[in-house]
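Comments concern the structure below.
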Amino acid sequence: MATPLHPRLLSFSTAIDAPMATESEPEGMRSYVRVRPCDGAMCDIDLQSEKEVTLGIMKTNVQGTASKELQTFEFDAVFDPNATQEKVFETAMRPQVDALFSGRDTLTFAYGPTGTGKTYTLQGGTNPEDRGLVLRALDDVFGRLPGMIACCTIHLSFLEVLGNHAYDLLAPEERGLFGHVNPRKKLRLKEKS
């Protein structure tokens with residue numbers, strides 16, 4: 001395992017005084033897209049390959065005439081609407097768990113508009129086979145630990161970034177007077193030099 005080099009420059013946590021970075025080579029970000037099932041009338045998406053997706057985007061010119069413009073985007077992998085949680089985990093998340101155990105820092109984030117399936121992909125559904133990427137990654141991490149080390153400390157963050165604010169999704173829900181749920185507290189971003 002790599003040895004810590006220096007404190008990270010950014011941290012959302014107030015509980016850890018000096019989180020440490022590990023020594024690893026810079027690596028390019030990987031991007032994956034999961035196409036959500038949709039009804040044909042409301043959806044103009046064509047899966048070109050396991051790495052490309054074409055969208056029909058409506059454009060309106062200055063005269064008000066609408067036309068459809070096709071744009072193709074390439075990703076490291078494209079998951080069709082029938083892709084299972086297991087398939088998404090094995091392709092997109094297991095390599096990150098492997099990287100973690102080789103001493104590299106990892107980060108996973110889901111990005112997209114509301115209602116596009118980010119929460120389902122990360123947290124999953126009610127059936128065991130619908131477990132999301134986070135639970136599958138935790139199972140994988142904790143499954144590997146007993147054979148590797150006798151004692152360790154694990155720090156886990158699960159954040160939602162909405163606009164210019166970050167929220168701790170593992171913080172307990174706070175209740176106010178008459179049982180009303182208080183608004184979530186925004187995390188304070190700290191910078192260290």
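Coordinate-derived values only; no laboratory data. Computed from a predicted model, the values in this text were never measured in an experiment. Every residue, glycine as well, gets a Cβ built from its backbone with ideal geometry; the counts of neighbours run over all protein chains shown.
Sorted into 10 angstrom bins from 0, the C-alpha pair distances of the range 59-193 split as 8, 28, 31, 20, 10, 3, 1, 0 percent. Under 5 Å between amide hydrogens, built in the peptide plane, is the criterion, and for LEU145 it picks out nothing among residues at least 5 positions away or on other chains. For the range 119-132, backbone phi angles converted through the Karplus equation (6.51, -1.76, 1.60; θ = phi - 60°) give residue-by-residue couplings of 5, 4, 4, 7, 9, x, x, 7, 7, x, 6, 9, 3, x Hz, Gly and Pro being listed as x.
Treating only the Cβ of Lys, Arg, Asp and Glu as charged (+1, +1, -1, -1), what charge dipole size does the range 52-183 show about its Cα centre? Round to the nearest 20 debye. Walk me through the numbers before you get to the answer.
Details: 10 positive and 17 negative charges, 34 e Å.
In debye, rounded to 20, the range 52-183 gives about 160.
Ordering of 83-91, 130-138, 63-71 by packing is 130-138, 83-91, 63-71, highest average first (other Cβ atoms within 10 Å, averaged per residue). Farthest toward the positive end of the dipole of the range 45-140, out of SER49, SER67, PHE89, is the Cα of SER67, where the dipole comes from beta carbon charges about the Cα centre. In summary, the aspartates and glutamates within cross-link reach of LYS118, defined as a Cα separation below 19 angstrom excluding same-chain residues under 8 places away, comprise ASP39, ASP76, ASP80, GLU86, GLU90, GLU129, ASP130, GLU160, ASP168.
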